[in-house]
Amino acid sequence: MTRHTYPCPVRWSDMDAYGVVNNVSLLRYLEEARVDFISRMAPTRGDAFFRGGSVVVAHQIRYLRQLVHRPEPVDVEMWVSELQSATVSIDYLIKDGETLYTTASTTMAPFDYSVSRPRRISDAEHAFFEEYLEPAHHSAGRVVPNADGVSGNADRASKIVV
């Protein structure tokens, strides 16, 4: 079970009028972590996922606890929960030790901008993502991590689709 952890800084500008990190900032944390994760894909292993293009198909976010500004970074832990021929789903935990602030999931698809259409995940991309694959337990509905960090049925969890 391989996971990627990104130490994300909590910036003063991420705070909103209520003194907590704004929900849009938390979405940006996921993006920063995802870019850090996928940029580790070496050119020989298929970094076309960024160079050739990719698109976000869906985000699901569950806000569990308010995060406030602090000097220490917050950890964004991530893994691949689903890998298909033309999409990859990445699940996340935004946490500090045992304190869990947010669980989330992003589904992405490789995209060929030169012809304005989706493409298949290459063998090199598939091999990279497969190293981080932790298949989720599926039933009806999309899967997002529960408060304990274990994937579960999003239909039973309160969620916000962004």
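The values are calculated or read from the model by the stated rules, or taken from the named source; none is laboratory data. Not measured: the values here are computed from a predicted model. For neighbour counting, all protein chains shown are included, and Cβ atoms are generated from backbone atoms with ideal geometry for every residue, glycine included. Only protein heavy atoms, including side chains, enter the accessible area calculation; ligands, DNA and RNA are left aside. Shrake-Rupley method; radii C 1.70, N 1.55, O 1.52, S 1.80 Å.
Things worth noting here:
- For region 2-21, a residue qualifies if it is over 23 Å from residue 109 (Cα atoms) and out of contact with any helix residue (DSSP H, G or I) (no Cβ under 6 Å at 6 or more places or on another chain), and the qualifying residues are 7, 9, 10, 11, 12, 13, 15, 16, 17, 18, 19, 20.
- Test: residue in region 76-91 that is in a helix (DSSP H, G or I), more than 28 Å from residue 10 (Cα to Cα), acidic (Asp, Glu) and open to solvent by less than 60 Å² (accessible area, probe 1.4 Å): no
- Residues being open to solvent by less than 50 Å² (accessible area, probe 1.4 Å), among the small types (Gly, Ala, Ser), within 18 Å of residue 56 (Cα to Cα) and not in a strand (DSSP E or B) - total across region 92-136: 1
- The set of residues in region 61-75 being open to solvent by 20 Å² or more (accessible area, probe 1.4 Å) and assigned to a strand (DSSP E or B) consists of 62, 63, 75.
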